[in-house]
Amino acid sequence: NAGVTQTPKFRVLKTGQSMTLLCAQDMNHEYMYWYRQDPGMGLRLIHYSVGEGTTAKGEVPDGYNVSRLKKQNFLLGLESAAPSQTSVYFCASTLTAGGSPLHFGNGTRLTVT
Amino acid sequence: AQKVTQAQTEISVVEKEDVTLDCVYETRDTTYYLFWYKQPPSGELVFLIRRNSFDEQNEISGRYSWNFQKSTSSFNFTITASQVVDSAVYFCALSEAKTSYDKVIFGPGTSLSVIP
């Protein structure tokens, strides 16, 4: 049972490059989330989705785009990476809202030079 | 707007000491959920507990206990007789009914070091 899988695990980008982070879950969860974790800032919500075909902005959406074309996948895109986007990115999913715990992936460590 | 504050950035205790991690939240909603998650040094995030706003009963699970007080908007976490394996970053989180609980907002986390 894979749960929530994030790819890649590590990535180094140069300023201005683009990339897509993939999150896949095999639990048939409706809700999916992208967070970034920075020292002293905790986990900040970038974007989230409440179902296939839907996306919504979180706390820090600027510089990121997302897509949820399939229920099991939630993609996070950086069109033009900046050093400020150096972070650890976590994807999470949950079956429903209303207090269901989040299931997290193992994170993607992204460095932008 | 929903907000979670964890004022203790880092705590260091000696093994077997008790330790309390503070969580203060802000919400204009009367219906909400509060959570605690643990992130050990290996980096994964693990769910510990959930509490809804209508249930103010304190909860105990082994060496862990949680004190929810709506009057002070706090949801504190106590570890009794701490162990080295408790060393981790602990996050408090909040989701509100008015956003259909869709947005789960986390606090900045408290890094706990338990020294043998």
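Computed from the C-beta positions of B:Ser74 and A:Glu59, the FRET efficiency with R₀ = 25 Å rounds to 0.70.
Over segment A:25-113, the hull volume per residue, using the convex hull of the C-alpha atoms, is 96 Å³.
Taking the DSSP beta bridges with both ends in the protein assembly as shown, the antiparallel portion is around 90 percent.
Please tell me the relative contact order of chain B in percent, rounded to the nearest whole number, where contacts are Cα pairs under 8 Å and at least six residues apart. Answer for chain B is 38 percent. Each of B:Ser71, B:Ser82, B:Ser53 was scored by other Cβ atoms within 10 Å of its Cβ. Listed from fewest to most, they are B:Ser71, B:Ser53, B:Ser82. Among the residues of A:103-112, the average count of other protein chain beta-carbon atoms within 10 Å of the residue beta-carbon is 2. Going by the alpha-carbon gyration tensor, a ≥ b ≥ c the square roots of its eigenvalues, is segment B:62-105 rounded (a/c under 1.5) or, if a/c is not under 1.5, prolate (a/b greater than b/c) versus oblate? Oblate. Cα convex hull, chain B: 93 Å³ per residue, rounded to a whole number.
A Cβ-based charge dipole, computed about the Cα centre of segment B:22-116 with Lys and Arg at +1 and Asp and Glu at -1, lands at about 20 debye.
The number of Lys pairs in chain B with C-alpha atoms less than 23 Å apart, excluding pairs fewer than 8 positions apart on the same chain, is 9.
Each value in this text was obtained by applying a stated rule to the coordinates, not by laboratory testing. Everything quoted here is computed from the prediction, not taken from an experiment. All Cβ positions, glycine included, derive from the backbone under ideal geometry; neighbour counts span all protein chains shown.
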